[in-house]
Structures are given as structure tokens and as C-alpha cells.
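Asks: So that we are looking at the same thing, I have put the structure below in C-alpha cells.
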Protein chains: 2
Amino acid sequence: MTAMSEPADDDAPRRRTGGRSARVRSAVLQATIAQLLEVGYDRLSVHEVAAAAGVAPTTVYRRWPTRAELILAALQELSAVAIEVPDTGTLEGDLRSLIRSIAATVGQPALRPVQRSIAALPDDVAGEYRRSFWADRLDRTSAVVERAIARGELPEGTEPSHVLELLIAPIWFRLIISDTPLDDDALDRWVRAAIAAA
Amino acid sequence: MTAMSEPADDDAPRRRTGGRSARVRSAVLQATIAQLLEVGYDRLSVHEVAAAAGVAPTTVYRRWPTRAELILAALQELSAVAIEVPDTGTLEGDLRSLIRSIAATVGQPALRPVQRSIAALPDDVAGEYRRSFWADRLDRTSAVVERAIARGELPEGTEPSHVLELLIAPIWFRLIISDTPLDDDALDRWVRAAIAAA
DNA sequence: TCCCTAACGCAACATCTGTAGCGTACTGAC
DNA sequence: GTCAGTACGCTACAGATGTTGCGTTAGGGA
């Protein structure tokens with residue numbers, strides 16, 4: 001997290017981000033995701049990832065010194081997908097639509113190993129990423145709550161992130177912590193709970 | 001998860017659970033916890049655990065073939081602690097007391113590596129444990145909600161586990177998923193939310 | 001106390017993981 | 001096109017991880 005994009009040192013090496021390097025990076029991260037999906041965090045082998053990417057193991061180790069850093073990079077790549085914010089005209093409609101689309105994508109059992117990997121990464125490696133990712137996610141969906149406030153469905157001064165956090169938390173609790181399947185009744189209940197809380 | 005404690009086979013080996021075996025088991029699991037707290041999931045070395053426990057590495061491998069199984073066993077040992085259920089006379093008082101004591105114990109930063117380990121364990125190893133653990137946890141604290149129903153604070157037919165799940169989920173979301181610190185304002189908000197939802 | 005054998009220790013080994021040095025290829029600026 | 005130097009491939013290797021076989025210790029029933 002360096003604040004400046006241009007280092008102060010004038011003898012700084014000129015990094016190469018295009019061409020071969022870009023192809024290597026892409027291939028390795030893609031192979032990492034594939035391995036994660038297949039065998040999970042602790043059975044992931046850097047050598048096998050390198051082989052699958054058609055790259056020498058040493059190359060992988062040089063760019064991502066630890067497995068945690070490699071996995072983090074792969075996950076960052078994967079989580080860069082956009083999220084669409086619904087606009088149904090009512091808060092309940094919006095939240096219901098939102099939670100269902102989240103549950104549909106994130107609830108897929110095949111993704112569980114990947115999600116567990118994010119949770120497993122130590123704080124000093126992934127802490128900053130997790131915080132900024134969720135701050136961004138909650139911020140991007142805050143429009144739903146802000147429109148509800150404008151419509152008078154929610155009192156002035158309601159904090160959007162609080163509402164959305166309450167909506168989303170139970171999903172992840174079930175997926176990662178309590179290892180319990182999601183059901184539509186629960187989703188609706190959490191929508192009503194988030195509204196009632198605000 | 002064999003249903004019977006006594007195998008049907010009459011030539012079944014008579015397991016030895018006491019004496020030396022018990023000491024070895026205890027020492028190894030204790031050393032595992034210590035390692036988990038110190039270096040976390042993926043840097044945990046079975047050889048070092050064995051050394052710390054004063055035991056041969058092969059002994060550890062024989063009893064717990066994979067690191068995941070070893071860690072699971074250690075966590076089961078650790079999570080066997082009892083939870084005290086408050087009784088303040090009001091639902092809000094009870095939930096506030098409950099969430100504060102949970103946050104105080106589980107919120108300690110030093111425990112984060114251990115918690116991440118639970119989350120990291122693959123479903124086929126720890127799934128059954130996680131489900132039964134949380135079913136039990138929610139069941140043990142359900143008295144709080146049942147008393148509130150009896151007092152007329154909550155409508156008849158309210159499902160205790162739903163209320164408690166909603167209360168607890170945000171804690172774990174912050175600790176494991178969004179990596180955000182807990183604050184007292186948030187705890188109070190979640191108490192009110194859980195009540196409002198029911 | 002005796003005896004059977006489960007559970008452990010030890011040594012030797014096969015495999016996997018990560019590092020270091022050096023030569024080569026490709027990038028990107030001129 | 002030219003060229004400096006970054007990023008990669010390759011080989012060799014050090015160390016960690018996990019397995020196998022066999023001898024030894026000690027638990028627990030008789």
C-alpha cells in the first residue's frame with residue numbers, strides 16, 4: 001500500500017507488466033483458481049500450479065514468495081467481478097432481489113473451497129484486502145438503502161452499510177462458519193430482519 | 001460416526017484409550033493448539049508439534065493421518081468449554097449480556113488464527129463437526145428466547161435458533177469475513193436488530 | 001502376576017517444497 | 001533497429017513432509 005505510484009528513487013528498475021509477464025501472470029492465477037476449486041487450500045501445490053500454467057516453478061516462487069500471496073492474488077483477480085444493484089421500487093423488493101442473487105452465486109457448493117481459502121489467509125497477508133473489498137461491496141450496494149431513505153421507507157440518518165451488513169452476515173455465517181445450507185425461508189427472514197432493524 | 005459403540009465383529013481389536021495413549025493424545029493436541037496460536041494454519045508443522053509434545057512424528061501421523069484431522073481434533077478439544085446463559089429478566093438484557101460475553105472471549109485478536117483454521121478445514125473433514133457444534137450452541141442458549149416468549153416479550157412460535165443466529169452471525173462476519181473490529185455500538189445495534197426481527 | 005498385543009519409538013527412505021546461481025529470451029525505451 | 005536489463009527457464013540442491021518396516025514398551029484383561 002504505497003501511496004505513490006512513482007517511487008522517489010530515480011534509479012528504480014523499470015518493471016515489465018506487459019507481453020510475456022502478463023501472460024504468465026494470467027496463466028498462473030487461472031491455474032491457481034482451478035487448483036483451489038479442485039483440491040482446496042492446503043492441498044494446493046505450487047509445482048502443480050506452475051505445471052498447469054506451463055511455467056517453471058521458480059517463476060511462480062519469484063513473483064509470489066508464499067502460497068498465501070499467490071492465493072490472495074488469484075482471489076483478487078476472481079473477485080473483481082461487478083455486482084448489479086437492483087431497483088424494484090421498494091426496499092423489500094430490492095433487498096430480496098439482492099440477497100437472492102448473492103445467495104445464488106455465492107451459495108454454490110463448488111465455490112466453498114475458494115471461500116474457505118479467503119477466510120483462511122492470515123490477517124497480515126489478506127487483512128487489508130478483506131477490509132477494502134467489503135467496504136467497497138457495502139458501498140456499491142448502498143444505493144438501495146439510500147433510495148429507501150429518499151422514499152421515506154427508512155428514517156433519515158440510517159447508515160446503509162449497517163443495513164447491508166446485517167443482511168449479508170447470516171449468509172456467510174451459514175456458508176463458512178456453521179456449514180449449514182441456505183434456504184429461501186431464511187433469506188426472506190433476513191430481508192425482513194434487516195428492514196425491521198432500521 | 002458409527003452408531004454403535006460396540007462393533008459387531010467379535011475379532012475387533014481392543015483399543016487402548018487410557019494411560020500412555022491418553023497422555024500422548026493430550027500432549028499432541030495441546031501442542032497443536034499452541035502452534036496454531038503462534039504460527040497459524042499453513043505454517044503448522046507436524047514434526048514441530050510432535051517435538052513440542054515429546055513424541056515421535058510417526059506417532060502423530062498414525063493417529064491423525066492429515067493435518068486437517070489433527071487440527072480438527074485439537075479444536076474439538078478446545079471448543080468443549082461450557083457457555084453460561086444469562087438471566088437478567090428481560091430479553092434485551094439477556095441478549096446484550098450474551099453478545100458481550102461472546103464478543104469478549106471470541107473477539108481476542110490472538111484467537112484469530114485458530115478461528116480461521118476452523119473456517120479453513122474442508123467440508124468433508126469438519127462439516128459434521130461445524131454443524132453439530134453450532135446446532136448445540138444455538139440450542140444451549142435458546143433458553144434466553146424461550147423465557148422471553150413465556151414473558152410475552154416475543155410472539156408464540158418464535159424460533160429461538162433464528163433469533164440467536166441473527167444475533168451471532170454479524171460477529172463472525174466481522175471477525176472472519178470482513179476482518180473488521182467489533183465495537184460496542186455495533187453489538188447493541190445487533191441486539192436491537194435481533195429483537196426487532198422477532 | 002502373567003501374557004497378548006495395541007501403541008509407540010526409531011531408522012531409513014521417498015516425495016514434496018522452496019531456494020540459489022547462471023544463462024537465455026523477451027520487453028520496452030530510444 | 002539497437003540495446004540495456006527485467007523476467008523467465010533450467011539445473012542443482014537444501015530442507016521439510018509424510019511413509020514403511022521392525023523392534024520395543026506398556027495397557028489392561030485374565
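The values are calculated or read from the model by the stated rules, or taken from the named source; none is laboratory data. The structure displayed is predicted, hence computed values, not measured ones. Cβ sites come from the backbone with ideal geometry, for glycine too, and all protein chains shown count toward neighbours. Protein only, heavy atoms only, side chains kept; ligands, DNA and RNA dropped before computing areas. Shrake-Rupley method; radii C 1.70, N 1.55, O 1.52, S 1.80 Å.
Asks: Return the value, in Å² to the nearest 100, of accessible area buried between chains B and A (probe 1.4 Å, both sides summed).
Replies: Numbers: alone 12120 and 12080 Å², together 21030 Å².
Chains B and A together bury approximately 3200 Å².
Asks: Report, for B:R63, each distance to the same residue's label point in the other copies, shortest first and in nm; define the point 7 Å along Cα→Cβ.
Replies: Here B:R63 shows inter-copy label distances of 4.3 nm.
Asks: Here's another thing I want to ask about it. Given label points at 7 Å from Cα along Cα→Cβ, what nm distances, shortest first, separate B:D124 from the same residue in every other copy?
Replies: Taking the point 7 Å beyond Cα along Cα→Cβ, the inter-copy spacings are 3.3 nm.
Asks: Something else about it: Have a look at the range A:39-61 and report residues whose accessible surface goes down by 20 Å² or more when the remaining protein chains are included, against the chain on its own, probe 1.4 Å, ligands and DNA/RNA excluded.
Replies: Residues of the range A:39-61 that lose at least 20 Å² of accessible area once the other chains are added: A:Y41, A:D42, A:R43.
Asks: Right, next: In nm, to one decimal, how far is the modelled label at B:A56 from the one at A:D188, with both set 7 Å along Cα→Cβ?
Replies: Distance between the two pseudo-spin positions: 6.2 nm.
Asks: Any idea what log10 I(q)/I(0) is at q = 0.12, 0.24, 0.29 Å⁻¹ for the range A:19-78, Debye with uniform C-alpha scatterers and no solvent?
Replies: Per q value, in the given order, log10 I(q)/I(0) is -0.22, -0.93, -1.42.
Asks: Quick one: dipole size for chain B, taken about the Cα centre, charges +1 on Lys/Arg Cβ and -1 on Asp/Glu Cβ, in debye to the nearest 20. It would help to have the intermediate numbers written out before the result.
Replies: On the way: 23 positive and 28 negative charges, 173 e Å.
For chain B, the charge dipole is close to 840 debye.
Asks: Indicate the residues belonging to the range A:113-127 that lose 50 Å² or more of solvent-accessible heavy-atom surface (probe 1.4 Å) upon moving from the chain alone to the assembly of all protein chains, ignoring ligands and nucleic acids.
Replies: The answer is A:R116, A:A119, A:D123 - residues whose exposure falls by at least 50 Å² when every protein chain is included.
Asks: Can you give the relative contact order of the range A:53-198 as a percent, counting alpha carbon pairs under 8 Å and 6+ residues apart?
Replies: Values: 95 pairs, mean separation 41.7, N = 146.
For the range A:53-198, the relative contact order is 29 percent.
Asks: How much accessible area per residue does the range B:73-187 have, counting only protein heavy atoms and a probe of 1.4 Å, in square angstrom?
Replies: Working: 5000 Å² over 115 residues.
For the range B:73-187, the solvent-accessible area averages 43 Å² per residue.
Asks: A further question on this structure: May I ask you to find the residues of the range A:170-193 that are shielded by at least 20 Å² of accessible area once the whole protein assembly is considered instead of their isolated chain (probe 1.4 Å)?
Replies: A:P170, A:W172, A:F173, A:R174, A:I176, A:I177, A:S178, A:D179, A:R189, A:W190, A:A193
Asks: How much mean residue ellipticity at 222 nm does chain B get from its helices, if each DSSP H run of length 4 or more adds -39500 (n - 2.57) and you divide by all residues, to the nearest 500 deg cm²/dmol? Present the calculation step by step, with values, prior to reporting the outcome.
Replies: Values: 10 runs with 128 residues, N = 198.
The per-residue figure over chain B is -20500 deg cm²/dmol.
Asks: Have a look at A:A150, B:W172, B:V39 and report the one farthest towards the positive end of the charge dipole of the protein assembly as shown, computed about the Cα centre with Cβ charges (Lys/Arg +1, Asp/Glu -1).
Replies: The residue sitting most towards the positive pole is B:V39.
Asks: Place a +1 charge on the Cβ of each Lys and Arg in the protein assembly as shown and a -1 charge on the Cβ of each Asp and Glu, then give the dipole magnitude about the Cα centre in debye, rounded to the nearest 20.
Replies: My answer is approximately 1500 debye.
Asks: In nm, what does the list of distances from B:A52 to its counterparts in the other copies look like, shortest first, when each label sits 7 Å along Cα to Cβ?
Replies: Those separations, rounded to one decimal, come out as 3.1 nm.
Asks: Same structure again: List every residue whose amide H lies under 5 Å from the amide H of A:G40, counting only residues 5 or more places away in sequence or on a different chain, with H placed 1.01 Å from N in the peptide plane.
Replies: The answer is none.
Asks: Nearest 0.05, what FRET efficiency do A:A34 and B:A196 give at R0 = 30 Å with Cβ-Cβ as r?
Replies: Values: r = 44 Å, r/R0 = 1.47.
For A:A34 and B:A196, the calculated efficiency is 0.10.
Asks: Tell me, how many Å apart are the Cα centres for the range B:43-83 and for the range A:131-156?
Replies: Between the Cα centres of the range B:43-83 and the range A:131-156 lies a distance of 45 Å.
Asks: So, one more: Round to the nearest 0.05 the FRET efficiency obtained for B:A27 and B:T90 when R0 = 30 Å and r is the Cβ-Cβ distance.
Replies: Numbers: r = 46 Å, r/R0 = 1.53.
Approximately 0.05, to the nearest 0.05.
Asks: A further question on this structure: Looking at the calculated P(r) for chain B, what percent of the C-alpha pair distances fall above 29 Å?
Replies: On the way: 7452 of 19503 pairs.
For chain B, the fraction of Cα-Cα distances above 29 Å is 38 percent.
Asks: Then there's this: What longest region of chain B stays clear of GluC sites (Glu not before Pro) that DSSP places outside H, G, I, E and B and that have at most 16 other Cβ atoms within 10 Å?
Replies: Numbers: sites that count: B:E84, B:E153, B:E156.
Here the longest run is B:1-83.
Asks: Give me the percent of accessible area attributable to carbon and sulfur for the range B:73-145, probe 1.4 angstrom. Before the final figure, lay out each step's value.
Replies: Working: 1820 of 3320 Å².
That share works out to 55 percent.
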